[in-house]
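*Asks:* Take this structure, written in structure tokens, and hold onto it; I'll ask about it next.
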Amino acid sequence: MQGQTTQRGPDSADPVIEARNVSVTYDLEHRDAMVLDDVSIDLRRGEILGVVGESGSGKSMLANAMMDAVEEPGITTGDVTYYPEDGGDPVSILDLPTEELKSFRWEEVSMVFQGALSSFNPTMSIRGHFEETLDAHDYDVEEGMERARQLLSDLYLDPDRVLDSYAHELSGGMSQRALIALSLILEPQVLLMDEPTAALDLLMQRSILSLLADIKEKYDLTILFITHDLPLVAGLADRLAILYAFELAEVGTAEQIAHNSKHPYTRALLQAVPNLDAPTETMRPIEGTAPNPAHVPNGCHYAPRCPLATSECHQETPPWVDVEEDHRSACFHTDEAADAVPFDLEEVSDA
């Protein structure tokens, strides 16, 4: 967004990954398609940052850009800087040579994708995946497998059973936990998680979130957790970053976003949370649809669906407004959002 700056701001307390003015575009025959639009955000050392938005909002592209993993013909621009824990020289991720990037993706920053079955090779045992990864990065395999057993145990899995199994022989929850263990085998500092619980039932989702909190503390991790489910991650994350139509709308602590959101889209997301105890006619989905990547509107991307939108919103990019310390919103109408899009936090919590 135009309102963001390349200078460090209140978002930058000890960043481990610093993204500045990052965009991802696809060159189509007639015009470019924008799937991430000038996003600036920091992932702070030791935190869990929840990135929330509707499907297709650019969440996965943000994570891929942080690893320079956007597949061709996608084009990533901007700056993504990694700050090593040992105080070494900052690393410009988008400028890394191919071989260094391969090592970086496992040894410094690792990623867990949605749906473990699509991440595991069905012809290889879980043990084979661990051994292959260790060997490819010149790690001591025997020592690494001891770590694998410990990681699996920490995730409440039986190491012997899991290592000798193939992915299809494990339940969804077991295979997803095995994938988390595999992502941590080379002791990365950062874990990027792309909807890791979306394919699981509610009980298993809650179980894995609880395990993540434990794993984060034990292994001193920094986690970026991508989801479309704001209430799911609100109890886990330290901060939340709300994405709408490829651009950031609001950033703040989980408590600030839940209790004092100042962006109409964030409030509409909370308002739309289904409550199983309430009649269906009381549900309040967000009217309209998100824009096509090849036809992103001018001004605020949310303006066509926003009850507060004025001509200014349709024509100009809204500036970042500091709501309170560590909480900022990209909206011309932060003072009016609460009245225009009310929601009952207690009702959302119950849901």
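The values are calculated or read from the model by the stated rules, or taken from the named source; none is laboratory data. Not measured: the values here are computed from a predicted model. When we count neighbours, we look across all protein chains shown, and the Cβ atoms used for this are built from the backbone with ideal geometry, even at glycine.
*Asks:* Select from segment 12-33 the residues that are within 27 Å of Pro297 (Cα to Cα) and part of a loop (DSSP other than H, G, I, E, B) and write down the one among them that is modelled with the highest pLDDT.
*Replies:* Only one residue tops the list, namely Leu28.
*Asks:* Taking the residues in segment 310-321 that are surrounded by fewer than 19 Cβ atoms within 10 Å (Cβ to Cβ) and within 14 Å of Pro264 (Cα to Cα) as candidates, determine which candidate is farthest from the chain's Cα centre (by Cα).
*Replies:* Thr310
*Asks:* Find the residue count for segment 131-155, including only residues that are closer than 24 Å to Ser210 by Cα and in contact with a helix residue (DSSP H, G or I) (Cβ under 7 Å, 6 or more places away or on another chain).
*Replies:* Qualifying residue count for the region: 7.
*Asks:* Now a separate question. Exactly one condition in (1) more than 15 Å from the chain's Cα centre (by Cα); (2) among the basic types (Lys, Arg); (3) modelled with pLDDT of 95 or more is false for Arg44; which is it?
*Replies:* Every condition holds for Arg44 apart from (1).
*Asks:* Moving on. Taking the condition not aromatic (Phe, Trp, Tyr) and not assigned by TED's automatic domain parsing to the domain that holds Lys59, does Leu117 pass?
*Replies:* yes
*Asks:* Let me ask something else. Kindly indicate the residue of segment 151-179 that is surrounded by 14 or more Cβ atoms within 10 Å (Cβ to Cβ) and of a type in the set (S, T, N, Q) and also nearest to Gln205 (Cα to Cα) among those meeting that condition.
*Replies:* Of everything passing the filter in segment 151-179, Gln176 is nearest to Gln205 (Cα to Cα).
*Asks:* Still on this structure: Considering only helices (runs of 4 or more DSSP H) fully contained in segment 121-227, which possess at least 2 residues that are closer than 21 Å to Met66 by Cβ?
*Replies:* Because the criterion is at least 2 residues that are closer than 21 Å to Met66 by Cβ, the helices (runs of 4 or more DSSP H) in segment 121-227 that meet it are 172-183, 202-219.
*Asks:* Please list, ordered by first then second residue, the pairs with beta carbon atoms under 6 Å, 6 or more apart or interchain, first in segment 277-303 and within 12 Å of Glu54 (Cβ to Cβ), second at pLDDT below 85 and not in a helix (DSSP H, G or I).
*Replies:* Pro285/Ala272; Ile286/Ala272
*Asks:* Met111 is checked against (1) outside any helix (DSSP H, G or I); (2) more than 25 Å from Glu71 (Cβ to Cβ); (3) within 26 Å of the chain's Cα centre (by Cα) and fails just one. What number does that condition carry?
*Replies:* Evaluating Met111 over (1) outside any helix (DSSP H, G or I); (2) more than 25 Å from Glu71 (Cβ to Cβ); (3) within 26 Å of the chain's Cα centre (by Cα) leaves (2) as the failure.
*Asks:* I've got another one for you. Which numbered condition trips up Arg161, out of (1) more than 20 Å from Ile223 (Cα to Cα); (2) in contact (Cβ under 8 Å) with a residue 24 or more places away in the chain; (3) out of contact with any Lys or Arg (no Cβ under 9 Å at 6 or more places or on another chain)?
*Replies:* With (1) more than 20 Å from Ile223 (Cα to Cα); (2) in contact (Cβ under 8 Å) with a residue 24 or more places away in the chain; (3) out of contact with any Lys or Arg (no Cβ under 9 Å at 6 or more places or on another chain) applied to Arg161, the lone miss is (2).
*Asks:* Still on this structure, I have one more. Would you please name the residue that is surrounded by the most Cβ atoms within 10 Å (Cβ to Cβ), looking only at residues in segment 268-309 that are at pLDDT below 85 and assigned to a helix (DSSP H, G or I)?
*Replies:* Filtering first and then ranking leaves Gln271.
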